[in-house]
Amino acid sequence: HLFHSFRENQLNEYFNKPIEISYRQPDGKVIITELSLFPILADGRTQIGGIVDNITEKKRVEQNEKDQKVFLEALRDTSEALNSDLDFDSLLERILINAERVIHSDTVAILMMEKGLLRVVRTRGYSARGIQDLTHHEPFSIEKMQNMAWMADTGMPLAISDTSDYVAWNPLPENAGVKAYIGMPLLV
């Protein structure tokens with residue numbers, strides 16, 4: 001009955017636009033559907049018909065493709081920066097910007113290892129969280145940070161989805177509230 005007050009051209013405009021609807025199932029899984037409405041003329045009256053299509057997988061694939069493109073662009077830009085004649089500070093800033101493009105995070109830092117000591121050389125996001133500039137932090141032994149020591153020994157990145165489950169998590173006091181961590185050694 002709602003659509004009786006619409007003129008025919010308004011109905012056609014409304015019917016020709018699929019509507020995306022997301023909802024959460026009781027198990028927490030998010031389903032994305034697309035609802036397409038169309039008019040049905042029956043007994044001289046306009047009724048509404050519709051088709052619901054589950055597009056969850058399609059949306060997941062599209063998002064993965066977008067994420068992959070962003071990752072490849074960030075990797076290309078970082079590679080170009082590493083091979084350019086940028087000054088050291090500009091290079092570090094570019095690396096941080098590209099890391100943020102790929103990994104959505106609250107804070108990002110680059111630490112430099114020299115003779116077994118780690119020193120924070122560049123950060124982003126800490127001041128917005130009310131945390132002092134970590135670049136003034138005294139260098140500290142890599143042995144105090146098992147996650148850093150592991151990356152230095154293996155040359156492999158490390159992802160910790162829940163730091164409370166990582167027995168060896170021993171952050172700097174400024175990072176005590178970190179819930180998840182991703183680190184990657186950059187070898188020069």
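Data for the structure
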{"quantity": "Angstrom value of the Kirkwood radius, inverse mean 1/r, which spans all Cα pairs in segment 28-72", "calculated": "13.2"}
{"quantity": "Calculated over segment 81-188: convex hull of Cα atoms, volume per residue (Å³)", "calculated": "114"}
{"quantity": "Cβ-Cβ FRET estimate between Leu187 and His104, R0 fixed at 35 Å, reported to 0.05", "calculated": "0.90"}
{"quantity": "Residue of Leu134, Leu91, Leu37 that the Gaussian network model of the chain assigns the largest fluctuation, springs spanning Cα pairs under 10 Å", "calculated": "Leu37"}
{"quantity": "Share of carbon and sulfur in the accessible heavy-atom surface of segment 39-136 [1.4 Å probe, %]", "calculated": "51"}
{"quantity": "Charge dipole of segment 73-179 about the Cα centre (unit charges at C-beta), most positive-ward option of Ser84, Met145, Gly116", "calculated": "Met145"}
{"quantity": "Contact order normalised by residue count of the chain, Cα under 8 Å, 6+ apart, percent", "calculated": "9"}
{"quantity": "For the chain, projected area of the alpha-carbon convex hull averaged over all directions, nm²", "calculated": "17.5"}
{"quantity": "The chain - accessible surface per residue (Å², probe 1.4 Å)", "calculated": "72"}
{"quantity": "Test item: Cα-centred dipole of the chain, Lys/Arg +1 and Asp/Glu -1 on Cβ, debye", "calculated": "400"}
{"quantity": "Of the DSSP H helices in the chain, those whose Cα atoms cover at least 15 Å axially and whose Kyte score averages 0.0 or more", "calculated": "88-102"}
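The values are calculated or read from the model by the stated rules, or taken from the named source; none is laboratory data. Keep in mind the model is a prediction, meaning the values are calculated, not measured. All Cβ positions, glycine included, derive from the backbone under ideal geometry; neighbour counts span all protein chains shown. For the accessible areas, the whole protein counts, side chains as well, though only heavy atoms, and no ligand, DNA or RNA atoms are used. Shrake-Rupley method; radii C 1.70, N 1.55, O 1.52, S 1.80 Å.
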